[in-house]
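For reference, the structure is listed below as C-alpha cells.
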Amino acid sequence: LSLNIHHTNYEYDRFQDVATIYKDASNMITLGENFFNTTSRQDIKIYSGQTDLSIPLKDNGSLDLGVKGSMIDSKSNILQLITNNGTVITYSQNSGTFNYEENNYAAYFSLSKEWDDWSLTAGIRTEYTDAVGTFSTDPDPNAFDYFEVFPTSSIEHRFNDNHSLGLSYSRRIERPTYSDLNPFKFFFNDNSFVSGNPDLKPAITELATLSYTVNNAYTFELYYRDEQSTFSELVFQDNDLNQIIYRPSNLNQVVDYGFDFILYKPLTKHWTAYMITSIFHNEVEFFATQTDNSLQTNERWSFYGNAINYFTFLKDESLTANLSFLYISPYLEGSAEVAERTQVDIGFKKSFNEGKWILSLSANDIFLGSDYTVKNEYLDQDNQYYTRLDNRWIRLGLRFNFGNTRLSTNRSIKDLEERERLN
C-alpha cells in the first residue's frame, strides 16, 4: 500500500522588448518605426494525491488498483505597451488575465498473470475531468467536462527460450501544456507571432502492436496508431494582413502504421550494438483555419534509423566509448513537412581509482547535420522556415565521487503527468 501527496508551485516571468525600423530598398530612407514591449507572468499550482494497492496472487499473479485526484490552478497575465508617436499606450487586444482551473479524478485496476509459456496483463482506467478557462476580456467562460475509459491489455507467448510472440493494445489520453492553453500572443516581429489556444481539447490515442522476439536480441514489430484530436503547432499565413501565425491546434485525426526492427546484442566481448529502425506511413487530417476551415489531408512514407555502438577497452574495462548515428527522412508534423536530418555523436569515458575519478570527452552533432527546414504548402498557404539548432558542441568533464560509490539511494520520485505539462 502506498500513498503519494504532491504539490508544485511554478512561476514563469517573461519580458519582450521589440523595436522595428522599416527602410526603403536603398536602406537610406526610414519609412516607419514600431516599438512595443510585453510583460507576462504565469503562476501554476498543482495539487495531487494518489493511493495504490498491490496484492500478490498465487501462481505468479498480481492485482493492482488505485485512485487519484489532482487539481490545477493556472493564472496568467500579460501587459503589452506600444509606443505611438512618442506616446506609450496599452495594446488592449493583447493585455489582460487568463485563469484556468482543472480537476481530475481517476481510478484504475490491473491484473497480471503468468503460467507455463504465457503471460497476460489487462487493466482499465476511468477518468472524470472538469475544467474552466476565463479570459478577462470575454464574459463567457470556456467550460467543459468529460468522462473517459482507458483499457490496456497485452499477451505474450514464449515458444521456447529463443522465440516469443506478443500482442498489445492501449487507449491513452494526452492533455495540452498550460502554456499552449494560454491565449496571449508573443511576437517574433511585426508580422509573425505565436499564440496559445484555450479551446484545445485532450488527444486520445489508440495503439495496437504485434511483436516477435528472437534470442532476446532481435525484435520485429508491426503497429497501428490512431490519434483523435491530437495537437500540433500549426503555421498559418494571413494573406490579407501579411502575418505568420504559430498556433497550437487540434488535428482532426492522425493515423500511422509501420514496421520496426530493434536490435540489442553484444557483437564481441568489447562491442555491444543497439539499433532501432522504423518504416512508417503517416496520414494527417487538419483544418485549414485561414481557408474556410476546410479539411485537408497530408500523407507520406518515412524512415527513422538510430544505431548506437558501445565499446569497452583495457583489461579492467575502465575505458569506454560510444558512437551513434541518427537519420530521419522527411516526415509529416501537423500540416507541415519536415526535411531530413542526420546526426553523428561520439564519446569517451575513463575511470580511475575504482571509479572515484571519471574523465569524459564527448562531441555532439559532429557534422552539423541536425538543422532542418519546415515547409507548409497547401491551398493558399505557402511558407517555410529554417531551424538552426545549437546541437554542435564538445564537452570535457572530470567528476569525483565522494563516499562509498557502491551504495544506492532508496529515494523514490513518482512521475506526474500534471508536471510534464509545465513545458
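The values are calculated or read from the model by the stated rules, or taken from the named source; none is laboratory data. Just so it is clear, the structure is predicted and the values come from calculations on it, not from any experiment. Please note: Cβ atoms are built from the backbone with ideal geometry, for glycine as well, and neighbour counts cover all protein chains shown. Please note that ligands, DNA and RNA were not included when accessible areas were found on the heavy atoms of the full protein model with its side chains. Shrake-Rupley method; radii C 1.70, N 1.55, O 1.52, S 1.80 Å.
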Which ones in region 115-144 are more than 26 Å from the chain's Cα centre (by Cα), of a type in the set (Gly, Ala, Ser) and within 18 Å of SER179 (Cα to Cα)? SER136
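Quick one: would you say ASP59 is out of contact with any helix residue (DSSP H, G or I) (no Cβ under 6 Å at 6 or more places or on another chain), in a loop (DSSP other than H, G, I, E, B) and open to solvent by 40 Å² or more (accessible area, probe 1.4 Å)?
On the way: out of contact with any helix residue (DSSP H, G or I) (no Cβ under 6 Å at 6 or more places or on another chain): yes; in a loop (DSSP other than H, G, I, E, B): yes; open to solvent by 40 Å² or more (accessible area, probe 1.4 Å): yes.
Yes: the conditions hold for ASP59.
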Filtering region 286-339 down to residues that are among the small types (Gly, Ala, Ser) and farther than 17 Å from TYR264 by Cα yields ALA288, SER294, SER302, SER318, SER329, GLY334, SER335, ALA336, ALA339
Restricting attention to region 325-357, which residues are touching a residue at least 40 places away in the same chain (Cβ under 8 Å), closer than 30 Å to LEU251 by Cα and open to solvent by 50 Å² or more (accessible area, probe 1.4 Å)? GLU333, GLU337
Boolean, ASN242 is of a type in the set (S, T, N, Q) and buried (at least 18 other Cβ atoms within 10 Å of the Cβ): no
Positions within region 178-202 being open to solvent by 40 Å² or more (accessible area, probe 1.4 Å) and either free of Cβ contacts under 8 Å to residues at least 24 places away in the same chain or not acidic (Asp, Glu) (or both), in sequence order: SER179, LYS185, PHE188, ASN189, ASN191, LYS201
Among the numbered criteria (1) closer than 30 Å to TRP301 by Cα; (2) open to solvent by 40 Å² or more (accessible area, probe 1.4 Å); (3) touching a Pro at 6+ places or on another chain (Cβ under 9 Å), which single criterion is violated by ARG175? (2)
Among the numbered conditions (1) among the acidic types (Asp, Glu); (2) under 15 Å from GLY166 (Cβ atoms); (3) in contact with a Phe, Trp or Tyr (Cβ under 6 Å, 6 or more places away or on another chain), tell me where GLU221 comes up short. (3)
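Which ones in region 91-106 are out of contact with any Gly (no Cβ under 6 Å at 6 or more places or on another chain) and either among the β-branched types (Val, Ile, Thr) or surrounded by 15 or more Cβ atoms within 10 Å (Cβ to Cβ) (or both)? Outline the logic, then answer.
Residues of region 91-106 that are out of contact with any Gly (no Cβ under 6 Å at 6 or more places or on another chain), as a first pass: 91-99, 101-104, 106.
TYR91, ASN94, SER95, GLY96, THR97, PHE98, ASN99, GLU101, GLU102, ASN103, ASN104, ALA106, listed by residue number.
Going residue by residue through region 137-147, is there one that turns out to be within 23 Å of PHE193 (Cβ to Cβ) and surrounded by fewer than 15 Cβ atoms within 10 Å (Cβ to Cβ)? Write out each step before concluding.
Kept after step one, since they are within 23 Å of PHE193 (Cβ to Cβ), are these residues of region 137-147: 137-138, 142.
Pick out the ones that are also surrounded by fewer than 15 Cβ atoms within 10 Å (Cβ to Cβ) and you get 137-138.
Scanning region 137-147, I find at least one residue that is within 23 Å of PHE193 (Cβ to Cβ) and surrounded by fewer than 15 Cβ atoms within 10 Å (Cβ to Cβ), so the answer is yes.
Looking at region 336-357 only, could you name the residues that are in a loop (DSSP other than H, G, I, E, B) and under 34 Å from the mean Cα position of the chain (by Cα)?
Listed by number, the residues that qualify are ALA339, GLU340.
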Mind checking which residues of region 1-20 are β-branched (Val, Ile, Thr) and open to solvent by less than 90 Å² (accessible area, probe 1.4 Å)? THR8, VAL18, THR20
So is SER302 without any contact (Cβ under 8 Å) to a residue 40 or more places away in the chain, buried (at least 17 other Cβ atoms within 10 Å of the Cβ) and of a type in the set (Ser, Thr, Tyr) or not? yes
For residues that are open to solvent by 30 Å² or more (accessible area, probe 1.4 Å) and in a loop (DSSP other than H, G, I, E, B), tally how many sit in region 203-228. 2
Return the residues of region 343-379 that are at pLDDT below 95 and at positive phi; say none if nothing qualifies. ASN353, GLU354, GLY355, LEU368, LEU379
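Being at pLDDT below 95, part of a strand (DSSP E or B) and exposed (fewer than 14 other Cβ atoms within 10 Å of the Cβ) narrows it down to one of ASP415, ASP390, ASP382, so name that one.
On the way: ASP415 fails: part of a strand (DSSP E or B); ASP390 fails: part of a strand (DSSP E or B).
Just one listed residue meets the conditions, ASP382.
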Taking the conditions exactly as written (free of Cβ contacts under 8 Å to residues at least 60 places away in the same chain, part of a strand (DSSP E or B) and hydroxyl-bearing (Ser, Thr, Tyr)), does SER360 satisfy them or not? yes
Are any residues in region 130-153 touching a residue at least 40 places away in the same chain (Cβ under 8 Å) and among the β-branched types (Val, Ile, Thr), and if so, which ones? THR137, THR152
